[in-house]
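Structure first, then comments.
The values are calculated or read from the model by the stated rules, or taken from the named source; none is laboratory data. All values reported here derive from a predicted model rather than from experimental measurement. With ideal geometry, Cβ positions are generated from the backbone for all residues, glycine too; neighbour counts draw on all protein chains shown. Please note that ligands, DNA and RNA were not included when accessible areas were found on the heavy atoms of the full protein model with its side chains. Shrake-Rupley method; radii C 1.70, N 1.55, O 1.52, S 1.80 Å.
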Amino acid sequence: MSETAGQGGHVPGREPDPRAQGRPGAEGPGKDRDRPGGQEEHGGKTHAQERRGQEQHGQGPHAQEARGEPEAAPAADLAARVEELQALVSDLQDRWRRALADLDNLRKRVSRDTGRMREEERARAATEWLPVLDNLDRALEHAETDPASIVDGMRAIRDQAQEVLSRLGYPRRDDVGAAFDPARHEAVAVLPREGVPDGTVLQVVRPGYGDGEQQLRPALVVVAKGD
């Protein structure tokens with residue numbers, strides 16, 4: 001009985017040796033494999049390796065979060081750009097409406113100014129002719145008392161009328177002896193004349209007024225035809 005107790009049995013009255021309990025073979029060769037802690041340690045290493053592999057291939061949760069951050073930044077930039085363009089379009093539309101309103105106001109103002117200037121010019125031209133009409137009235141009043149004075153009065157009125165046209169920018173031309181110019185003359189007859197260059201104006205049937213771009217009317221003339 002004492003040998004059996006000394007080889008591994010339990011002797012009453014004595015505590016088991018703790019050193020014997022801590023030896024690796026004390027609990028049998030299959031204890032480490034059956035412990036839950038061994039499974040967790042082995043399983044934890046496997047899951048970590050799987051997570052690292054997924055992240056390397058872009059499939060893990062951290063990789064998805066990493067992919068989501070750069071996508072959020074362009075979306076915010078795009079929204080800011082859209083808002084900026086909408087503000088620009090609104091500003092351009094406002095300027096366009098203002099430009100149309102200004103153009104319409106300008107057109108109306110120019111139309112009013114042109115009409116007013118036209119009326120002012122007509123009134124100024126008519127005012128220039130009032131003294132001519134007054135002299136004609138006086139000449140007619142004295143026609144019965146002194147018929148001979150009518151001729152001198154009519155010459156004076158004609159000179160006054162020519163002066164009025166000259167002030168308006170259309171002076172009377174004296175084209176006798178000038179070379180024929182189709183822009184200033186209209187030939188009503190051609191007469192042979194010795195010693196006179198061909199195309200010389202011999203006679204003015206109806207005088208012309210003004211010159212160049214301000215020509216009121218061309219002169220009707222008789223032109224010489226050389227030998």
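Looking at 176, 151, 188 in this structure, which one is assigned to a helix (DSSP H, G or I), over 28 Å from residue 123 (Cβ atoms) and open to solvent by 40 Å² or more (accessible area, probe 1.4 Å)?
The unique qualifying residue is 151.
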Which of the residues spanning the range 197-227 are outside any strand (DSSP E or B), at pLDDT 90 or above and not small (Gly, Ala, Ser)?
-> 197, 198, 207, 215, 216, 218
Candidates 79, 125, 87 - the one that is within 30 Å of residue 170 (Cα to Cα), assigned to a helix (DSSP H, G or I), open to solvent by less than 70 Å² (accessible area, probe 1.4 Å) and out of contact with any strand residue (DSSP E or B) (no Cβ under 6 Å at 6 or more places or on another chain) | 125
Which condition number in (1) open to solvent by 20 Å² or more (accessible area, probe 1.4 Å); (2) closer than 30 Å to residue 161 by Cβ is the one that residue 195 fails?
-> (2)
